[in-house]
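What follows is a single structure, written as structure tokens, with notes after it.
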Amino acid sequence: NPFNPITKITFCIKANGLYTLKIFNLLGQEVETLFEKDLKPGFFSLDWNAAKSSSGIYFYTLESGNFKDVKKMVLLK
């Protein structure tokens, strides 16, 4: 799934709640918070523009309460 410089992040929410989507680098440092808001169940998609980030491996985390999902992304420039 290498991308340059924009990737689409797609996810499904199954329960109402406050959700946070953050991007981290390989060292575990937070790069960006894409959103933190209340969401209702459904499918969602958003773009992450990594034009200001360097090539490498990144992770995004989707969190709400006890739920946490982590996915890997590869940015190639």
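Label-to-label distance for THR33 and ASP69 is 2.1 nm, based on points extended 7 Å past Cα in the beta-carbon direction. Which residues does a label at PHE24 reach in segment 47-77, if reach means a backbone N under 16 Å from a point 7 Å past the Cα toward the Cβ? Hits in segment 47-77 for PHE24 at 16 Å: 57-74.
If I take every Cα pair under 8 Å that is 6 or more residues apart in the chain, average their sequence separation and divide by the length, what percent do I get for the relative contact order? Value for the chain: 39 percent. For LYS22, what is the net charge nearby, where nearby means another residue's Cβ is under 11 Å from its Cβ and Lys, Arg count +1, Asp, Glu -1? Here the count lands on -3. Going down the table (LYS14/LYS77; LYS14/LYS52; LYS37/LYS77; LYS8/LYS40), which pairs top 25 Å between alpha carbons? With Cα atoms farther than 25 Å apart: LYS14/LYS77; LYS14/LYS52; LYS37/LYS77. Using a cut-off of 10 Å between beta-carbons, work out the net charge of the residues near LEU62 (Lys and Arg +1, Asp and Glu -1, LEU62 not included). Charge balance in the 10 Å sphere: +1. In a DSSP loop and with at most 16 other Cβ atoms within 10 Å, the trypsin sites (Lys or Arg not before Pro) in segment 1-47 are LYS14.
Charges at C-beta only: +1 for Lys and Arg, -1 for Asp and Glu. How large is the resulting dipole of the chain about its Cα centre, in Debye rounded to 20?
Here the size comes out at about 180 debye.
The heavy atoms of SER55 offer some 60 square angstrom of accessible surface to a 1.4 angstrom probe. Debye-formula intensities of the chain, expressed as log10 I(q)/I(0) at q = 0.17 Å⁻¹, are -0.64 (one equal scatterer per alpha-carbon, no solvent).
The values are calculated or read from the model by the stated rules, or taken from the named source; none is laboratory data. These figures come from a predicted structure and were not determined experimentally. No Cβ is skipped: glycine too gets one built from the backbone with ideal geometry, and neighbour counts run over all protein chains shown. Accessible surface areas use protein heavy atoms only, side chains included; no ligands, DNA or RNA. Shrake-Rupley method; radii C 1.70, N 1.55, O 1.52, S 1.80 Å.
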